[in-house]
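Okay, structure first, notes after.
The values are calculated or read from the model by the stated rules, or taken from the named source; none is laboratory data. Here the structure is a predicted model, which is why all the values come from computation and not from measurement. Note that each Cβ is placed from the backbone with ideal geometry, even for glycine, and that neighbours are counted across all protein chains shown. Surface accessibility is based on the protein's heavy atoms, side chains included, excluding ligands, DNA and RNA. Shrake-Rupley method; radii C 1.70, N 1.55, O 1.52, S 1.80 Å.
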Amino acid sequence: MAYKIDNAIIKKDKKGKITLIDPSNVFDNEDAFVAIKSDDLITIQLLINGILNNDFKKWREIKSYSNDESLKTLFVHLGYSKEDVATLLKEF
């Protein structure tokens with residue numbers, strides 16, 4: 001079971017004007033939005049799916065994690081290889 005976070009693109013032009021690109025009109029009646037980098041959004045979706053599937057390879061192996069580290073390094077701490085992450089991405 002894959003979990004998908006509703007998302008759209010927020011585009012900012014050189015003058016600072018922000019445009020919402022939402023072809024499916026998911027956010028048609030929303031007043032406020034949060035901007036998240038695309039790769040962080042994908043990482044969050046993969047982590048949520050890992051939690052839902054209880055699929056972490058080395059959950060107890062995370063002994064230390066610094067707030068200075070990228071969210072993406074959690075996959076390394078959880079024991080995933082590049083091939084494992086590629087397989088997870090194919091599920092989308």
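Here are the numbers:
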read-out	value
Where Leu78, Leu47 fall by accessible area, highest first, once all protein chains stay in place (1.4 Å)	Leu47, Leu78
Net length gained if the chain between Asp6 and Asp22 were fully extended (0.36 nm per residue, minus Cα distance)	4.7 nm
Listed peptides 11-18, 22-29 by packing density, highest first (mean Cβ within 10 Å)	22-29, 11-18
Solvent-accessible surface ranking, highest first, for Glu83, Glu30 at 1.4 angstrom	Glu83, Glu30
Pairs of lysine residues in the range 1-43 - Cα separation under 24 Å, sequence separation of 8 or more or cross-chain	6
